[in-house]
Each structure stands twice: as C-alpha cells, then as structure tokens.
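Novice: Input: one structure, supplied below.
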Amino acid sequence: MDITREKIYLAALLHDIGKFYQRADTGSVAGSVFLKEHCKDESSFCPVHDGIYTHKHVLWTAQFIEDYASVFRRLADADVDNLTVKDNLMNLAAGHHLRNEQLSDLGRIIKEADSLSSGMDRDSQQAFNDCQDDVAWNSFKKKRMTSILQTILSEPDQIKQMLHLPVEKLTLTKQVFPQADFQEDPDYATLWKHFNDEFKYIQANTYHAFAETLLNLLLKYTSFVPASTIDFPDVSLYDHLKTTAAIAVCLYDWKKSSTDSITPFLLIGADFSGIQPYIYQIVSKYAGKNLKGRSFYLKILSDAIVRYLLNELNLYQANVVYNSGGGFYLIAPNTPFVKQQLDKAIHHIEEKLFEAHGTALYVAIDSVEMSKDTLLHSNNESLGKKWGELFNKRDRKKSTKFSTLMMSNHDAFFCPLEQGGDAERDSITGEEFLPGERKSILGDLTLKKVSLEQIKMGEKLRETNIIAVTDNGELPYWRDRLHIEPIGLGFTYYFLNNVHDLSEMKEQLRASADHITVITMNGAEGNCDFIHTIDGINNIYSLDFYGGNEVDRKNLPTFEEMCKKFDKGDESNGLSRLGVLRMDVDNLGNIFQQGIAPERATLSRFAALSRSFDFYFSGYLNTIWRETVPERSFIIYSGGDDLFIVGRWNVCIELAEKIRNDFKEYTCSNPFFTLSGGIAIITPKFPIMKGAEMSDDEEKNAKEHECKGHGKNSISFMEMPLNWDLEFPAVKALKNDIVDLIGSDALPKSFISKVIVHQQQANFTNHIINNLKSYWMLTYDLSRMKSRVSNIKVKTMIDNCIKEVCNKSCGTLNAQPITTGYHALELWALAARWAELEYRTL
C-alpha cells in the first residue's frame, strides 16, 4: 500500500476544514479562542499579497490537525506535528496557498488539485480576492450558500431574488430547502461542535478506513457550508473537499506513471439498459415484495460494479462523482495502468452480467480524456462539452452491447440453450431453467436463485436499516442473515438491523479490519445519523439513501389491502383501484450538458448538481411518502431523477402533486426544472407488468403534452395529460366542486354520466368537436337538469358548463381562469370521471 498516496487523499479531504473551524471561532487570528499561539504564526502557511497575509483559514486547518494529532499519528504519520517535515499531513493540508517554490512536490499536487476543483488559478488575482481578513470577519460568517439548482440555465445576476440554504447538518426534511429569509445568523459554533463530537468516534488506524469514514461525516456536516464566501457561493465545502481529494489522487498517479499523455484525467460514465423490463417482468403473486426486491437489487448491483471498478483502478469513494438512478460517473487518472485495468474490468463485468442475466441487463461503460484546461474552462474547453461527449460515446456503446462477448463467445449468443415448449420456467419471471440450473421452491412457486433472493430482499427491507458490504468472502458470524453477492463480483451485501446485528458482533467486527463497510440507510427518522453505529476498528461507516418502506413497518400491505375502502371517518371512500405512478425530471440530459455556463462548469458543481437530484429522489422522497397516507402506498423505486410508486389510485395522484410541488420549491422555482409523470389506474389483481407499461404510456403522454407553447411539465392519468401549472389546478378544483355537491345530494349523480356521454359522442379531432349536435344536446340535457334542482351553486355550475362548452375558446373552467389547448368539454368530462372515481364503490 502506498502510504504517501493515502496521505495525499486524506490531506486533500482536510485542506479546507479550516474554513469550517474558522467560522465557528469567536474572533480573528489575534482574538481566536481556538488557535494556539504557535498556530497564529501567519508566516507558516499564509501567502502574502500586497504585503498582507491572506487565506488565513489555513491556520485553522493546521490547528485542527494539531487538535487531533494523536488520532492522525495512529495513521502511520508519526511526524504529523513536525513543521520541519514538508510532507507531513499538516503541511500538505494547510500549505496549499503558499507559492510553489515554498512547497514540496506533494504539496504542489494538493495546491493544483484545489485549483482544478474550484476552476481557478490559485495564484491569480481572482483567487487572492477569495480570502478573509480580520476586518471581514463578521461579514463572511453570515454568508450562506445559494442552491446550484437556482442558477442552472440562468445567470446569477439576472435572478430577482436569490434564495439561500441554511447552515445545518444534512436531514431529510424541508429544513434544508432554500429559503428567502432567515431570522438568525448561521450557527457555525453548534454545527462545528456536533461535527467534532462525531469525528472523535472514528475508530481507525489506517488512512483508508479513516478517510472514507471522514468523507461521509463531511457529507453530513458540510453539505450546506459554503466552500467560498466571496466567489459566488453555490458549491458546498463537502463537494469542494471531495473533488479536490479525487483530483489529487489522479494527479499523483498521473505524475508517477510513465505516460506521455498531456491529459491527466479520465471521466468514466456508465448507464444501465433493460432496467424497466427487468423490474416489471413478473407475475402478480408476491408482486409487491418482488418489485421491491428487484429494484433494490439493481441499486446494489450498480453499487457492486462501482466498488469493483474502484478496486480494480485503485481509487477511492471520492472518485465517484455520482452513482444513482441506473448510472454512475467516476474521475480517474489517465494512465496506462488505469486504461488497461478499465478495459479488463469492463470485459469482466459484461461477462458476469451476461452469466447472471443473459441479455436482459446491460451496462454501457465508456470514458473520455480530460485535460486541466477542461477543469479550468480555458482554451475553449469545458466540462459540459466533455459530459456531452461521454453521453454520446456511452449511448453508441449501448447500441452495440455485448459485441466484444459475441466475438469471444459466439455459441452463448447464437446457439439455442433453451428448450421452449413445456420446459420448466421461473414462476415469477417466466425465464426458462437452463440444464443443470438450481431450482428454489417457495410455496407453490419454482424460482431461480436470484428471484428467490429478490423476494427475500423485499421482505427483509422492512426491518433493515444497515447494509454491510464486504469483499472478504462470506462472514461466518452473519451466515444466517440474508446476504447476496450481485453477479459474483466479490462484494457481499448483508441486510442487517443495527440493534440486533451490529451490537451482537462487536468482537467479530473488530477482527474484520478494512473489509467491512457499514452503510446506514436514510438515517434515524431522516436525521442522517450513522456514526453512532461504529463499534469496530478500521471498518468504513457511511450513509446512503434509498426510497423505501419504514424499518418499523411490520407488514407490507398487499395491493388489495392498499386499495380497499378507507375506514369510516377518512376523507375518501371511493373506488377500490390501484394506481401505478411513474415520474422523472424533464430534459435532464440538456441540464447536464448545457445547464452550467462554461465559465462556471467545475467538477465540484457537476458533483453538487448530481448530488442534489439524488438527495431529493433517494432521500427526501421518503419524507413526502411518510406524510402522504403511507399505509396506502409504497415506493418501489426512487433514485437519480425518477421514481416508481404503487398505491391506492387517489393516493398516487396526491403523492404526484406533493412530489411535484416540493420539487418546485426545492429547485427554487427555476422554470428549467420540471417533472412529468403518468398514473395508470388498474384493479389490484391486474398484472403489474401491464400496469407498469400503462403508466409508462401515461408518462409519455405527459412528456409529449403541449399547453399553449409550454411543453412537458405535466401529469397524465385516464389518458389525458394536464400541465401542472396551467391546467391541473383548475381541473382538480372542478373535480372537488363536483364531489362536494354530489356528497351533499345537491347535484344529481347523473350529471357525471351526461357530461361523459356527450364528450364521448362529440367525436373530437385535435380538440375540436366534429359532431355539432353535441352542443345543443348537452345544452338541452343540462338545462332540464338545472330546472329540476334548487341549489344555487348547482345551477351556477350547470350554467358554467353549458356556456364554456358552447364557447369556441376555453378561457375558463367553472368560471375559473384556465390556459389550455383542450376544448372545455374534454376538461369537464375529465373532472367528472375523476369525481366519479371518488364516490364509486365498485
């Protein structure tokens, strides 16, 4: 193991920790309560500009390393506090603003990584403006981050009201959403205290275990701490530290290699294909458990592939720019070793994936070279262009999937292995058992091994809050716990409960040094707590999110149980139907390729953008679900930028609206961020695979919908898409009025059937009525109904319906303004059908 390389990684992770520490202090350098006298020596680490010492946060970086000198000495760095040794941890971390001639070769690597991460030359005038002095002390402590989502496809100086993020630890609550006003200044002191309280619990004496656990602790505490308070503050300290560490490792390896390449970096990207058919290709029996297990299996499959690549390329978790939603991106050194290992790894992954799943699943992995100019957005190079180039290469590879394997293993692809006809098949997937393949029995089902594992995962996830990962083979002390090794890549995942499994195995965990990664899923009640689970030395502890059911939820409801009528007293007692909801972000590819202006396109911003999506869909979505009748739905999948939820039909509509509204708030109402979704409404026993296809068709309707020049940003159900802003609110309000009036027996139920029948007979083409008789027939029917009712609201509603249907332009719906391309009769019929679902009982 290269200890120097490990030290560089840790030093880069710590290089700006002083910014956090400094803001928690009560005074300047002279008045600091934290800095010891010898650490106040500005000449040690601070550069001089125009005769003044600048970038004084590095003094607090040095102080932090001294505070924990005993901890860092355990990491084989006995000279951590020896200032005469240029390559000790303190000098590497705190010296990154000194002139190059003052630094060692390793120190210059940290300095350059810091520059490339921030996208600026640290010796430039601009860089020297990004520093704090004693006069600015009180002002920079009050600065907050802006959300990177607010500035996507927008110039910051054109935004009327800039929203800001709270200086808080990471939680799955609205507390960390962007806000317009804050009553108090940021409380860095409390946040710093909590960070230190947990930092002390990192039990490691190797650089690797210590640094990887620290990375996750930084995620929790510095995700909303601005990396800069003078330069536009839309990058968190976490994203800056993480990308600096990744770049530093790449530079170290590139400089040590014998390569002649002038481009130090590789951007590696991957995208899975076949995910949706794979998830949905099941029978209805055990559908809920199998869907849940299958979607989570794909999550850990992607994780296992990333871990395998990190191992083969000798990289760290910080080198993972993004991993969620069926895709991942890594930054690696552009060296002969990495290129050779990457080719071998891709071939091995394809082989193992084909052995396990045939052609059902495929992952396209490719890479592009990146220069320093790309990260500094200079010489007409930009990260956005490289991202687009990688997108294209990856997509081309998907069109020729398994081509390498086909040449080396012709028979596996072109010689029939299946028998067809009456051959025995997996009861869940319908896949044929191959000769000699092991069969598993569950009740009256005959299953392949992976199908049984996925059903068990779906069951076990209800009580799982810890995933333990090892590359050290099967662990005897957890042999009886559910575990799975996706496609045989050497990583085994154990599904555990913190209370019962970790606490009982303290001694065994201590003996498994550097081979166990303990992942806390979603934290405790959304608080993202994870470090308290530590009870073993040199194990890596981390935090991850997934859209899923609650740990304390004893029974996963069946589709029938979710759909049955609500208990007396609940707001709805309508039709017993299942909703299948699918949603995703519109124009995501364009957002990544063009959303960040070239002059601001840094790796840290791309990392922040990716992480922002994952936080919402993998993490915060759990909070929305808990607040929206959770016993009537469950999340099959949520991550990246999309989701798949099954639940009672009206709960799915409510969830979709809540998810969209919160997403709008989370993205600062940036008009370039929109969500489209579709809901299929089916019976509980309807084949879920077909229901998923129907929801996909509905989602496509929403994506193709245009409303007076406004595309996408829509929800579609009952085969009718509605723009979220311009159409949905008015139709929903009309539906509610109909339901209320029918519920009070003021409006005859026949009103619904009459409106729907006239809509069906109108013979619409492009929202124009071809059957002109529909106008006078509807007028006649509804006028007679109006004459027989006495309720003024009902009479008014009927009048509105007649007037709006007979009007050539639809400017109102039940007298409420609406912008739409639909004919009024189409919208009245949709509201009527929607209302009918709420009071029907069959």
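Novice: Quick check: from the Cα gyration tensor, does the chain come out rounded (a/c under 1.5), prolate or oblate? Can you show the working numbers first?
Specialist: Details: a/c = 2.04, a/b = 1.50, b/c = 1.36.
Verdict is prolate for the chain.
Novice: OK, next. Let a ≥ b ≥ c be the square roots of the eigenvalues of the Cα gyration tensor of the stretch 750-842; is it rounded (a/c under 1.5), or, if not, prolate (a/b larger than b/c) or oblate? Walk me through the numbers before you get to the answer.
Specialist: Values: a/c = 1.34, a/b = 1.23, b/c = 1.09.
Here the stretch 750-842 falls in the rounded category.
Novice: Give the shape of the stretch 134-229 as rounded, prolate or oblate, defined through the alpha-carbon gyration tensor: a ≥ b ≥ c are the square roots of its eigenvalues, a/c under 1.5 means rounded, and otherwise the shape is prolate if a/b is larger than b/c and oblate if not.
Specialist: Details: a/c = 2.17, a/b = 1.74, b/c = 1.25.
Cα axes put the stretch 134-229 in the prolate bin.
Novice: A follow-up question, please. How large is ³J(HN,Hα), in whole Hz, for each residue of the stretch 677-694 in order, when computed from phi with the Karplus curve 6.51 cos²θ - 1.76 cosθ + 1.60 and θ = phi - 60°, using x for Gly and Pro?
Specialist: x, x, 10, 8, 10, 9, 6, x, 8, 5, x, 5, 4, 5, x, 5, 5, 5
Novice: Also: Among the aspartates and glutamates, which fall within straight-line cross-link reach of LYS142, defined as a Cα-Cα distance under 17 Å, with same-chain neighbours fewer than 8 residues apart omitted?
Specialist: Straight-distance partners of LYS142: ASP25, ASP130, ASP133, ASP134, GLU168, ASP181, GLU184, ASP185, ASP187, ASP231, ASP234.
Novice: Read phi for every residue in the stretch 318-325 and hand back ³J(HN,Hα) as whole Hz from Karplus 6.51 cos²θ - 1.76 cosθ + 1.60, θ = phi - 60°, with x for Gly and Pro.
Specialist: Once θ is set to phi - 60°, the couplings for the stretch 318-325 become 5, 6, 7, 6, 6, 7, 5, x Hz.
Novice: Tell me which aspartates and glutamates have Cα within less than 16 Å of LYS397's Cα, excluding those fewer than 8 residues away on the same chain?
Specialist: Within reach: ASP271, ASP343, GLU350, GLU351, ASP366, GLU389.
Novice: Among all the lysines, which ones have a C-alpha under 17 Å from LYS708's C-alpha, if same-chain residues fewer than 8 places away are not counted?
Specialist: Cα-Cα hits under 17 Å: LYS808.
Novice: Which FRET efficiency, nearest 0.05, do HIS515 and SER154 yield, Cβ-Cβ r, R0 56 Å?
Specialist: Values: r = 46 Å, r/R0 = 0.83.
Result of the calculation: an efficiency of 0.75.
Novice: Here's another thing I want to ask about it. Which links in LYS7/LYS36; LYS7/LYS255; LYS143/LYS386; LYS111/LYS372 stretch past 22 Å when you go from one Cα to the other? Kindly include the intermediate steps, with their values, before the conclusion.
Specialist: Details: LYS7/LYS36 24 Å; LYS7/LYS255 16 Å; LYS143/LYS386 32 Å; LYS111/LYS372 13 Å.
Distance filter (> 22 Å) returns LYS7/LYS36; LYS143/LYS386.
Novice: R0 = 45 Å: FRET efficiency of LYS449 with SER669, Cβ-based, nearest 0.05?
Specialist: The value I calculate is 0.40.
Novice: Can I ask one more? Would you kindly find the accessible area of ARG632, with a 1.4 Å probe and non-protein molecules such as ligands, DNA and RNA excluded, rounding to the nearest 10 Å²?
Specialist: 20 Å²
Novice: Tell me which residues come under 5 Å, amide H to amide H, from GLY27 once H is placed; ignore anything under 5 positions away on its chain.
Specialist: The answer is VAL33.
Novice: Which links in LYS449/LYS700; LYS193/LYS220; LYS242/LYS658 stretch past 25 Å when you go from one Cα to the other?
Specialist: As for pairs spanning more than 25 Å Cα to Cα, those are LYS449/LYS700; LYS242/LYS658.
Novice: If you don't mind, another one. Amide H to amide H, which residues 5 or more places from THR446 or on other chains are under 5 Å from it, using H placed in the peptide plane?
Specialist: SER427
Novice: Continuing with this model, one more query. Mind listing the phi-derived Karplus ³J(HN,Hα) values for the stretch 713-727, rounded to whole Hz, using 6.51, -1.76 and 1.60 with θ = phi - 60°, and x for any glycine or proline?
Specialist: Calculated HN-Hα couplings, in order: 6, 9, 10, 10, 8, 6, 6, 9, x, 10, 5, 4, 8, 9, 10 Hz.
Novice: If amide H atoms are built 1.01 Å from N in the plane of the peptide, which residues on other chains or at least 5 residues away come under 5 Å of the amide H of PHE265?
Specialist: Amide H to amide H, under 5 Å and 5 or more residues apart or across chains, PHE265 pairs with ASN334, MET370.
The values are calculated or read from the model by the stated rules, or taken from the named source; none is laboratory data. None of these values were measured; they are calculated from a predicted model. Cβ coordinates were reconstructed from backbone atoms using ideal geometry, including for glycine residues, and neighbour counts include every protein chain displayed. All accessible areas refer to the heavy atoms of the entire protein, side chains included, with ligands and DNA or RNA removed. Shrake-Rupley method; radii C 1.70, N 1.55, O 1.52, S 1.80 Å.
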